[in-house]
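See structure below.
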Amino acid sequence: MSSMPLSTANWHWKNKNVTRWGKEWFERELATIAVQGEGEQSVKVDSVSEVDGDVELGQRKSKLITIYDCKLTIQWSGKTTGGEDVKGRVVIPEVSHENTLDGHSDVVYEWSLTTASTPDVDAVFKLAKARLPAALEAKFAEFPVALVQTHGKDIQVGTPSASGTSTPATGGATPTNGAAKTEAAKPVQATKPAAKTLNYSTVETEASFMASAADLFSLLTDEARIPAWTRAPAQSKPQEGTEFSLFGGGVKGKFVSLKPPTEVVQTWALQSPTWPAGHFATLTMKFDQASDSTKLTLTLDGVPKGMEDEIRTNLEGYYIHGLKSIGLGTVL
């Protein structure tokens, strides 16, 4: 009997429960977080004392979908400028696909201080509340990527396809910080060239950030600053006609035009088996600065029909949420 074609084998719905793996991931990865304040002030995550919830990886119509909703209880500690120990706890009622990738809601933090309050202790408590969320959310953004990379091969036949729940696929492990380096895998080529009659559509998303247009423009184009929000190597020289590469090679294209600090136009292609080989969409980034914030509008023209939801989730999860994860507060 001949084997089932990949397109058919990967069409069926499948689920794998990996809650134990998820609990161990949070316990291991969050315990690496530490932030520094002024002088000798410091704060770090000591341990994750509770992970309550479920973690699953699903397959729906050839796409991998991360399904998770966890309540975390984190023990943290710090030191005052004078070297006094400070301890506290933060409860995060929900770390889920919805607030980690979709950005439909903010991550909520419930802070408490174990050490008796003094001016020096309160200063460390303030540092924890100000600096730990961005570091934690940067780690939370890595979670679905690690989930797909670790378990995708167990439920999907052949090369796992990119989905709205995983980092744009590179074909190999994506670094979890800007310092790590990896060779970007060659794009997976389709067996046939994209049909000329393939229909395309436009996907648009926007968010306002408490930052200047010039700062956002730099964050999205400067090779030295991009890894801060993508947490992966980048190649980007903001000049017309030059190529760029984001997310360790998961997204590639060329700069078409730049009008600092109001607009960037790029060709844009997702390195994934689901993206038509050789096809480039056009991404336009517009920066509209107000008195206290800047609205960023991302418009991707040329998205293959049927991929709109997947691409919108990628833009919102990895561009909008990525910027938010480094401390750029959004404006409602």
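The values are calculated or read from the model by the stated rules, or taken from the named source; none is laboratory data. Quick caveat, the model's predicted, so the values are computed rather than measured. Note that each Cβ is placed from the backbone with ideal geometry, even for glycine, and that neighbours are counted across all protein chains shown. Keep in mind that these areas ignore ligands, DNA and RNA; they rest on the heavy atoms of the full protein, side chains included. Shrake-Rupley method; radii C 1.70, N 1.55, O 1.52, S 1.80 Å.
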(request) Scan the stretch 15-45 for residues that are of a type in the set (Ser, Thr, Tyr) and within 21 Å of the chain's Cα centre (by Cα) and report the count. (result) 2
(message) Can you report the number of residues in the stretch 237-296 which are farther than 20 Å from residue 323 by Cα and of a type in the set (Ser, Thr, Tyr)?
(response) 6
(request) Find all pairs meeting these conditions: Cβ atoms under 9 angstrom apart; at least six residues apart or on different chains; first residue within the stretch 274-294 and in contact (Cβ under 8 Å) with a residue 40 or more places away in the chain; second residue among the basic types (Lys, Arg). (result) 274/63; 277/192; 287/295; 288/295; 289/295
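Going through 213, 207, 234 one at a time, which residue ends up being out of contact with any helix residue (DSSP H, G or I) (no Cβ under 9 Å at 6 or more places or on another chain) and buried (at least 16 other Cβ atoms within 10 Å of the Cβ)? Quick ask: steps written out before the conclusion?
Working: 207 fails: out of contact with any helix residue (DSSP H, G or I) (no Cβ under 9 Å at 6 or more places or on another chain); 234 fails: out of contact with any helix residue (DSSP H, G or I) (no Cβ under 9 Å at 6 or more places or on another chain).
Residue meeting the stated conditions: 213.
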(request) Note down all Cβ pairs under 9 Å where the first residue falls in the stretch 80-91 and is free of Cβ contacts under 8 Å to residues at least 60 places away in the same chain and hydroxyl-bearing (Ser, Thr, Tyr), the second is open to solvent by less than 80 Å² (accessible area, probe 1.4 Å) and assigned to a strand (DSSP E or B), and they're at least six residues apart or on different chains. (result) 80/86
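Has the stretch 114-125 got at least one residue that is open to solvent by less than 20 Å² (accessible area, probe 1.4 Å) and either modelled with pLDDT of 85 or more or within 17 Å of residue 230 (Cβ to Cβ) (or both)?
We begin by selecting, within the stretch 114-125, every residue open to solvent by less than 20 Å² (accessible area, probe 1.4 Å); these are 121, 124.
Next, only the ones that are either modelled with pLDDT of 85 or more or within 17 Å of residue 230 (Cβ to Cβ) (or both) stay: 121, 124.
Checking the stretch 114-125: at least one residue is open to solvent by less than 20 Å² (accessible area, probe 1.4 Å) and either modelled with pLDDT of 85 or more or within 17 Å of residue 230 (Cβ to Cβ) (or both).
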(request) Take the stretch 304-328 and flag every residue that is open to solvent by less than 30 Å² (accessible area, probe 1.4 Å) and either small (Gly, Ala, Ser) or closer than 19 Å to residue 244 by Cα (or both). (result) 311, 314, 315, 317, 318, 319, 320, 322, 323, 325
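Could you check the stretch 28-78 and list, in sequence order, the residues that are acidic (Asp, Glu) and touching a Ser or Thr at 6+ places or on another chain (Cβ under 7 Å)?
First, the residues of the stretch 28-78 that are acidic (Asp, Glu): 29, 38, 40, 46, 50, 52, 54, 56, 69.
Across the stretch 28-78, the qualifying residues are 40, 46, 50, 54, 69.
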(request) Considering only the stretch 1-57, state which residues are more than 30 Å from residue 127 (Cβ to Cβ), modelled with pLDDT of 90 or more and of a type in the set (Ser, Thr, Tyr). (result) 19
